[in-house]
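For reference, the structure discussed in these notes is given below.
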Amino acid sequence: MQGGQMIVEENTKLSSSYIQSLTKIVGTLGPNSRSMEVIEACLKAGMSVARFDFSWLDGDYHQETLENLRMAMKNTKKLCAIMLDTTGPEMQVCNKTGNPIDFKADSHVTVTSDLSKELSAEVLPVDYAELAKMVRKGDTVYLGQHLFTGHETASVWLEVMETKGQDVICLVRNSATLAGSMFTVYVSNVPINLPTLTEHDKQVISKWGSRNNVDFISLSYACHGEDVKELREFLKKQNLSETQIYAKVETVEGLKHFDEILREADGIIFGRGNLGIDLPPEKVFLFQKYAVSKCNLMGKPVVITRVVDSMTGNLRPTRAEATDVANAVLDGADGIMLGAETLRGLYPVESITIVGKICAEAENVYNHSLHFKRIIRCVEEPMSYAESVASSAVRSAVKVKAALIVVFTSSGRAARLIAKYRPSVPVVAIVIPRLRANSLKWTLSGAAQVRQLLGVRGVYPILGSPDAATSGGEEPGLRLAIEHGRSVGLLKSNDRIVVFQKIGDSAVVKIVEVQGQLLV
């Protein structure tokens with residue numbers, strides 16, 4: 001049911017069609033996916049979260065793209081969350097001419113921090129003064145516009161031979177042609193002496209992020225739990241306290257401190273691009289399974305990256321890529337992120353479509369019962385009240401063969417708890433707005449919580465009315481869920497629904513049956 005969310009926001013009803021995948025798809029918008037027409041097609045294909053990558057181009061460019069996204073949402077009546085991706089401590093080479101540069105295997109190139117030198121196949125000026133001090137003979141350096149796609153002609157693999165002052169003399173290990181205005185430089189297994197949250201990132205968040213009230217921030221190169229804490233404190237100062245943080249774990253340092261990062265973050269993005277060169281190739285799958293398992297046990301969303309790289313230039317993924325997507329779903333991933341495939345790829349819509357189809361097939365054979373038992377076994381005892389009721393709702397849905405689980409929530413926490421137990425049926429979350437006041441004005445919350453649930457596997461949110469979940473007054477919200485279920489083909493007469501709601505200080509689970517337009 002990828003992308004199958006309906007929402008009521010600002011008096012505009014956004015409906016949707018039924019698509020089978022429960023796994024969410026994050027699409028990166030860029031040159032080949034920023035027109036309103038293409039974005040509309042991406043939304044219809046199943047994109048739930050739109051990622052804006054600030055490692056290239058400026059806020060004005062991304063603002064134009066975002067305005068197109070907003071128009072596309074209105075035209076298609078589909079909601080999409082907004083994710084701001086920070087640059088982090090990246091080193092870059094600027095190609096002012098934009099002309100392609102050819103590199104030949106077994107040749108030599110000098111990477112230098114002397115920015116006065118001209119860029120060529122023999123000299124690469126990089127914007128980091130300490131590079132020559134941090135590398136040693138034998139270190140591996142990668143260079144490219146979009147690194148680590150798996151296509152050796154898209155990035156250059158360099159081996160450090162020696163250092164002289166500001167210069168690092170390298171052996172070129174593979175032939176490649178690099179095109180574009182900016183190339184990223186990455187040194188494998190060598191930490192850069194730069195902050196995770198850079199001044200550039202802070203400026204982007206304070207201007208573009210605050211202006212657009214972004215739903216998620218992807219914190220690139222997260223290495224410690226303190227990195228997440230620092231960003232959260234900064235967000236509070238920018239009046240973005242509701243914005244969720246997805247820590248991007250993409251280095252060995254991040255893996256070493258994974259548990260503390262997971263505790264502090266709202267979700268995890270497992271960045272396999274950089275990890276694929278920081279780790280030996282045969283180790284990547286082990287850490288992926290470890291990371292996904294830990295996130296599942298904590299009930300926090302986890303997104304897997306770099307899945308169908310070949311679709312950047314091809315209409316179909318390779319067999320190995322298709323299997324990789326399916327295995328990510330079977331491991332327990334909440335979402336799949338598409339980067340170059342939708343950013344600059346020739347087939348952005350097709351990439352989203354095929355990934356959604358693969359996810360749906362994998363979900364059909366996913367062992368929900370085994371996952372449920374594993375989570376129950378690992379939850380600390382005595383089980384908390386919330387965990388107990390949420391797990392009971394999922395168990396009840398299985399026992400009565402319910403078509404839907406409907407949950408009433410204000411913060412989204414109840415919906416995430418139910419999703420933690422991976423029910424085999426969609427979870428329709430009725431988000432109840434809350435009226436809040438500060439010294440200046442009254443505000444009605446709920447819209448952000450709805451969009452943030454678009455990142456959780458199997459959860460499809462609806463913005464309800466403030467009185468929808470009061471005692472004896474859940475009928476309007478429940479009818480809204482039923483109307484949605486009918487409209488997308490999930491519900492028919494005599495189907496059963498499991499309802500999870502809080503009444504005062506208590507939480508209850510009940511089962512209702514749909515008969516015509518009535519509830520029994």
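If we keep just the residues of region 243-281 that are part of a loop (DSSP other than H, G, I, E, B) and modelled with pLDDT under 95, which is nearest to Gly446 (Cα to Cα)?
Checked region 243-281; the qualifying residue nearest to Gly446 (Cα to Cα) is Gly271.
Could you list, in sequence order, the residues of region 35-52 that are surrounded by fewer than 24 Cβ atoms within 10 Å (Cβ to Cβ) and either at positive phi or not hydrophobic (A, V, I, L, M, F, W, C) (or both)?
Ser35, Glu37, Glu40, Lys44
When only residues in region 295-323 that are of a type in the set (A, V, I, L, M) and in a helix (DSSP H, G or I) count, which is surrounded by the most Cβ atoms within 10 Å (Cβ to Cβ)?
Met311
Please determine, by comparing only the residues of region 103-134 that are basic (Lys, Arg) and without any contact (Cβ under 8 Å) to a residue 60 or more places away in the chain, which one is nearest to Val93 (Cα to Cα).
Here the answer is Lys117.
Could you figure out which of (1) modelled with pLDDT of 90 or more; (2) within 14 Å of Asp139 (Cβ to Cβ); (3) not in a strand (DSSP E or B) isn't true of Pro191?
(1)
Which strands (runs of 3 or more DSSP E) does region 39-100 wholly contain that include 2 or more residues that are under 25 Å from Thr251 (Cβ atoms) and within 15 Å of the chain's Cα centre (by Cα)?
Filter on region 39-100 gives 47-53, 81-85.
Among the residues of region 1-29, write down those that are within 27 Å of Val204 (Cβ to Cβ) and modelled with pLDDT of 95 or more.
Lys24, Ile25, Val26, Gly27, Thr28, Leu29
Just checking: which of the helices (runs of 4 or more DSSP H) contained wholly in region 331-434 hold 2 or more residues that are within 23 Å of the chain's Cα centre (by Cα)?
It comes to 340-343, 348-364, 368-378, 413-420.
Those residues that are open to solvent by less than 10 Å² (accessible area, probe 1.4 Å), modelled with pLDDT of 70 or more and of a type in the set (Gly, Ala, Ser), I need them from region 456-473; list them, please.
Gly458
Out of Ile269, Ile245, which single residue is in contact with a helix residue (DSSP H, G or I) (Cβ under 7 Å, 6 or more places away or on another chain) and open to solvent by less than 30 Å² (accessible area, probe 1.4 Å)?
Ile245
For region 476-491, give me each residue that is without any contact (Cβ under 8 Å) to a residue 40 or more places away in the chain and closer than 23 Å to Ser21 by Cβ.
Ile482, Glu483, Arg486
Would you please list the contacts, defined by Cβ atoms under 7 Å and residues six or more apart or on different chains, that run from a residue in region 240-257 that is within 13 Å of Gly276 (Cα to Cα) to a residue that is of a type in the set (Asp, Glu)?
Thr251/Asp278; Val252/Asp278
Being part of a loop (DSSP other than H, G, I, E, B) and modelled with pLDDT under 90 is the filter here; which residues of region 136-154 pass it?
Answer for region 136-154, where residues must be part of a loop (DSSP other than H, G, I, E, B) and modelled with pLDDT under 90: Gln145, His146, Leu147, Phe148, Thr149, Gly150, His151.
Of the residues Val292, Val228, Val284, which single one is β-branched (Val, Ile, Thr), open to solvent by 20 Å² or more (accessible area, probe 1.4 Å) and assigned to a helix (DSSP H, G or I)?
Going through Val292, Val228, Val284 in turn, just one is β-branched (Val, Ile, Thr), open to solvent by 20 Å² or more (accessible area, probe 1.4 Å) and assigned to a helix (DSSP H, G or I): Val284.
So which residues in region 410-426 are open to solvent by less than 10 Å² (accessible area, probe 1.4 Å) and closer than 16 Å to Ala447 by Cα, if there are any at all?
Gly412, Ala415
So how many residues does region 212-225 have that are part of a helix (DSSP H, G or I) and without any contact (Cβ under 8 Å) to a residue 60 or more places away in the chain?
1
Taking Ala447, is it in contact with a strand residue (DSSP E or B) (Cβ under 9 Å, 6 or more places away or on another chain), among the small types (Gly, Ala, Ser) and modelled with pLDDT of 95 or more?
no
Spot the failing condition for Glu199; the list is (1) over 25 Å from Glu253 (Cα atoms); (2) charged (D, E, K, R); (3) free of Cβ contacts under 8 Å to residues at least 12 places away in the same chain, and only one is missed.
Here Glu199 clears every test but (1).
Tell me yes or no: at least one residue of region 155-165 is at pLDDT below 95, part of a loop (DSSP other than H, G, I, E, B) and buried (at least 20 other Cβ atoms within 10 Å of the Cβ).
Yes, some residue in region 155-165 is at pLDDT below 95, part of a loop (DSSP other than H, G, I, E, B) and buried (at least 20 other Cβ atoms within 10 Å of the Cβ).
Applying the selection to region 495-518, what residues are in a loop (DSSP other than H, G, I, E, B) and at pLDDT 90 or above?
Across region 495-518, the qualifying residue is only Asp495.
Sort out which residues of region 151-188 are under 11 Å from Asp139 (Cα atoms) and among the charged types (D, E, K, R), and write them in order of number.
Glu159, Glu162
The values are calculated or read from the model by the stated rules, or taken from the named source; none is laboratory data. Just so it is clear, the model here is predicted, and its values are computed rather than measured. Note that each Cβ is placed from the backbone with ideal geometry, even for glycine, and that neighbours are counted across all protein chains shown. The area values use the complete protein model at the heavy-atom level, side chains included, leaving out ligands, DNA and RNA. Shrake-Rupley method; radii C 1.70, N 1.55, O 1.52, S 1.80 Å.
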